Amino acid sequence: MQLDWSSIPRASNALWEGFQFSISLTAFAALAGIILGTLLAMARLSSIKPLSMIASGYVNIFRSTPLVIVIYWFYVVLPFIIGRPIGAEHSAYVTFAIFEAAYFCEIMRAGIQSIPKGQVYAGSALGFTYGQNMRYIILPQAFRNVVPLLLTQTIILFQDTSLVYVLGATDLFGAADKIAHRDNTLLEMYVTVAVIYFVISFFLSRLVKHLHSKIAIIR
Amino acid sequence: MPNTLLTLDQINVNFGPKRVLEGLSFSLQAGEIGCLLGASGCGKTTALRAIAGFEPVAAGRVILDGQQVASSGQEWTPQQRGIGMVFQDYALFPHLNVTDNIRFGLSRLDKVEQKRRVEELLEVVQLTEVANAYPHALSGGQQQRVALARALAPAPRLLLLDEPFSNLDVELRERLNQEVRDILKSRDITALLVTHDQHEAFSLADKVGVMHAGRLLQWDTPYKLYHEPAERFVADFIGEGVFLPAVVTAAGDIEFNADPQLGHRPCWPVCQARPGQAVQVLLRPDDILHDDTSPMQARVVKKAFRGAQFLYTLSLPSGQTVLSLVPSHHDHAIGEAIGIRLEIDHVIAFGV
C-alpha cells in the first residue's frame, strides 16, 4: 500500500480551523459545565429534598446516556425549543455544556464533601451565611482540591468533542474526515489527527500530574 | 452587682429518640470563665453547640445578654447570636493566611479598622511575625492562637472553646492555658470552655460544672468542687481520694467504726445524715498528714514519687486504705509503719 503524506501540509489550514473550533468548544463546555456543575452539586447536597432530587435526576440521566445519542437528540430537539433552526456548531456548544455539567457536578460534589464540616461551623460562628460560607470558605477550597480532577475531565471532554463530526460540524476530526474522504487519504489523515489528539492530551495529563503533586503539598 | 451574661435554663437536647442533655441549667456572669468538665460522651460539647446555635434545643431556654436566643422551636441562627467559637481542631481556613483568617469575621468594618484590629490581635497572641504564613506552616500552638485571635476579632459577647488544648503536648498546653486565661481576663471576655482535663478546668476557669450522662451534677468554683462535692460522682471524678465507711452518732458526729482511732468528726452540713445512718466519708490525700509524733499508725502499701511529694497508699489497722500526700523528703519504705494524723476542715459524707 502506498501512503501519500503530501496532502497533509496542504490540509493544515483546514485542520487548524477545525482545531480552533475543537478548542473553543472544549473551553466553553468546560467553563459552562463547571459553573452549572457547581450549582448542581450545591443542589444535590442541599437539605431541600426536591432540589436535591432534581439535581440527582439530571446527573443520572446524562451519566447513563451515550454522548452520541445526546448529541443527536439535542440537535433534533433544540430547534423546537428555541423555535428556529440551529446549526451543528451551536447545538454542540449547548449539548456539551449540559452533558459535561453532570460529570463536573460529581467532581464538585466530591470537592465540597472533602471540606470538613467544622469549616462551615467556623464561618457561621463568625457571622457568615450559607451563601457567604460557600463563596468564601467552601468553594475556594473545594475547587483547589479538585482542580486536577476538573482538568482530567476537561482532557476527556477535548477528546469527546470529536463526536460532533456526526452532525457534520468541522471540528479537528470533522475537518480531517472531510479532507480524508475528498483526497482519499483516510489512513494518513486519521493517523495525523490521532497524533495531534495524543500529543495535546498526553502533555496536558503530565501537567495535571505535576499540579496534583503541588496541591498535595499544601494539604 | 455583676450582670448575668449567659443563662441556660433546663435545656434538653435530643439526638433522634436519644436524650443527650437533660435539664442543663447554669449561668455565667459577665467577665467570668466557665468550664464544663466531663468524660467524653457526657454531652459537654453538645451543650456548647446548643449555646452556639449548631444544635437545636428540645426544651428549655438559652438566654444571652438578656435576650432569649434559643428555646424549643425558636432558634436564633449562629450568625445572629454573635458568639465566638474556638474549635477542637481549630477549623482554620487553610486557603487563607493568618491575617486573612483573623480578618474573616471583620468584613463589616472598613479596611482601615480591619487592619488596626488584626494588628492588635496579632500582637495579643504574639503572632506578628507569621502574619502572612498559611495555617499548614504553623505549629499546633500557633494554630491554636490564630483560632483564638480569629474568634476574638469580631468582639463576641461570649467566647466558646471546645477542648481547646487537647491537640497540644502537655508542656505547651499548660503554658497556653495560662496565656489564654490572661488574654481573656485582660480583655474582660466571658468564656465557656469544655474539657475532660480537670487540671485544665481548674487552672483556667472561675466556675466549673461537672457533667455526667447528659446532666450537670454541680456548678461551682473549683475549690468547692474539690472540697465540697455535692454528689458521690463528683467526689470520685474530681481529684483523688478514698471513701471510708463510718456511722453517724447520736450527737450527729461521724465515727469511723472500723478504725476508731481516727476519732469523731463533726459532720459537714451537706451530708444531712441521720443518727445511726451508715455513711461513706471522703478522705482526700491532703486530709491525711504524715506526723511522726502521732500515735495513729498506718502501713505503707504503695508509693508514687511526684517530685515535690510522695503519694502514699497507706493501710489502716482495719485493712482500709487511705491516700496521703507527703513532702518527698519523707521517704519511707513499703511495709514501714508511719504516724498519720487526720486534718479535715469539713467531713464530706454520702449515705450508703
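The values are calculated or read from the model by the stated rules, or taken from the named source; none is laboratory data. Only a predicted model underlies this, so the values are computations on that prediction, with no experimental measurement involved. A quick note on method: Cβ atoms are made from the backbone with ideal geometry, for glycine too, and the neighbour counts reach across all protein chains shown.
Things to note:
Results for (1) out of contact with any strand residue (DSSP E or B) (no Cβ under 9 Å at 6 or more places or on another chain); (2) in a strand (DSSP E or B); (3) in the same structural domain as B:Gly41 (by TED's automatic domain parsing), shown as yes or no for each residue.
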position	(1), (2), (3)
B:Asp182	yes, no, yes
B:Asp188	yes, no, yes
B:Glu200	no, no, yes
B:Ser203	yes, no, yes
B:Ala246	no, yes, no
B:Ala251	no, no, no
B:Asn257	no, no, no
B:Arg265	no, yes, no
B:Pro275	no, no, no
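- For segment B:17-69, the set of residues classified as surrounded by fewer than 16 Cβ atoms within 10 Å (Cβ to Cβ), in contact with a strand residue (DSSP E or B) (Cβ under 7 Å, 6 or more places away or on another chain) and of a type in the set (Ser, Thr, Tyr) consists of B:Ser25, B:Ser27, listed by residue number.
- Some residue of segment A:141-152 being under 30 Å from B:Ala155 (Cβ atoms), within 13 Å of another protein chain (Cβ to nearest Cβ) and free of Cβ contacts under 8 Å to residues at least 24 places away in the same chain: no
- Residue that is farthest from A:Val164 (Cα to Cα), among those in segment A:95-120 that are in a helix (DSSP H, G or I) and out of contact with any helix residue (DSSP H, G or I) (no Cβ under 6 Å at 6 or more places or on another chain): A:Gly118
- Qualifying residue in segment A:66-89 (condition: in contact (Cβ under 8 Å) with a residue 40 or more places away in the chain and under 30 Å from B:Phe93 (Cα atoms)): no
- Residues satisfying the criterion are absent from segment B:60-79 (criterion: in the same structural domain as B:Pro222 (by TED's automatic domain parsing), within 20 Å of the chain's Cα centre (by Cα) and modelled with pLDDT of 90 or more).
- Restricting segment A:130-140 to residues that are within 16 Å of A:Leu45 (Cβ to Cβ) and free of Cβ contacts under 8 Å to residues at least 40 places away in the same chain, the residue that is nearest to the other protein chains (Cβ to nearest Cβ): A:Ile137
- Taking the criterion of being modelled with pLDDT of 90 or more, under 19 Å from B:Pro260 (Cα atoms) and either surrounded by fewer than 16 Cβ atoms within 10 Å (Cβ to Cβ) or out of contact with any Leu (no Cβ under 7 Å at 6 or more places or on another chain) (or both), the residues of segment B:322-352 that qualify are B:Ala337, B:Ile338, B:Gly339.
- Some residue of segment A:196-213 being on the phi < 0 side of the Ramachandran plot, among the polar types (S, T, N, Q) and at pLDDT 90 or above: yes
Conditions (1) in contact with a Lys or Arg (Cβ under 9 Å, 6 or more places away or on another chain); (2) modelled with pLDDT under 95; (3) surrounded by fewer than 21 Cβ atoms within 10 Å (Cβ to Cβ), marked per residue:
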residue	(1), (2), (3)
A:Asn13	no, yes, yes
A:Ala32	no, no, yes
A:Ser46	no, yes, yes
A:Asn60	no, no, yes
A:Tyr75	no, yes, no
A:Gly87	no, yes, yes
A:Ala102	yes, no, no
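- Segments classed as strands (runs of 3 or more DSSP E), wholly inside segment B:3-58, with at least 1 members that are more than 18 Å from the chain's Cα centre (by Cα): B:4-15, B:18-29
- A:Tyr190 falls short of the stated requirement of being more than 14 Å from chain B (Cβ to nearest Cβ) and under 18 Å from the mean Cα position of the chain (by Cα).
Here's the yes/no breakdown for (1) more than 13 Å from chain A (Cβ to nearest Cβ); (2) assigned to a helix (DSSP H, G or I); (3) modelled with pLDDT of 90 or more; (4) surrounded by fewer than 20 Cβ atoms within 10 Å (Cβ to Cβ):
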| residue | (1), (2), (3), (4) |
| --- | --- |
| B:Met85 | no, no, yes, no |
| B:Leu92 | no, no, yes, no |
| B:Leu109 | no, no, no, yes |
| B:Glu120 | yes, yes, yes, yes |
| B:Gln143 | no, yes, yes, no |
| B:Leu148 | no, yes, yes, no |
| B:Pro156 | no, no, yes, no |
| B:Leu168 | yes, no, no, yes |
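- Total residues in segment A:18-65, condition polar (S, T, N, Q) and farther than 28 Å from A:Thr170 by Cβ: 7
- Restricted to segment B:125-139, and to residues there that are more than 21 Å from A:Asn145 (Cβ to Cβ) and surrounded by fewer than 18 Cβ atoms within 10 Å (Cβ to Cβ), the residue that is nearest to the other protein chains (Cβ to nearest Cβ) is B:Asn132.
- Residue within segment B:219-234 that is in contact with an Asp or Glu (Cβ under 6 Å, 6 or more places away or on another chain) and either under 19 Å from B:Leu28 (Cβ atoms) or among the hydrophobic types (A, V, I, L, M, F, W, C) (or both) present: no
- Test: residue in segment B:225-237 that is within 25 Å of B:Ile33 (Cα to Cα) and small (Gly, Ala, Ser): yes
- Only one of the numbered conditions (1) without any contact (Cβ under 8 Å) to a residue 24 or more places away in the chain; (2) surrounded by 22 or more Cβ atoms within 10 Å (Cβ to Cβ) is violated by A:Val164, and that is (1).
- Residues that are more than 11 Å from B:Gly335 (Cα to Cα) and buried (at least 17 other Cβ atoms within 10 Å of the Cβ), drawn from segment B:286-308: B:Asp286, B:Asp287, B:Ile288, B:His290, B:Met296
Yes/no per residue for (1) surrounded by fewer than 19 Cβ atoms within 10 Å (Cβ to Cβ); (2) within 14 Å of chain B (Cβ to nearest Cβ):
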{"residue": "A:Pro79", "(1), (2)": "yes, no"}
{"residue": "A:Ile82", "(1), (2)": "yes, no"}
{"residue": "A:Thr95", "(1), (2)": "no, no"}
{"residue": "A:Met108", "(1), (2)": "no, no"}
{"residue": "A:Gly123", "(1), (2)": "no, yes"}
{"residue": "A:Asp177", "(1), (2)": "no, no"}
{"residue": "A:Asn184", "(1), (2)": "yes, no"}
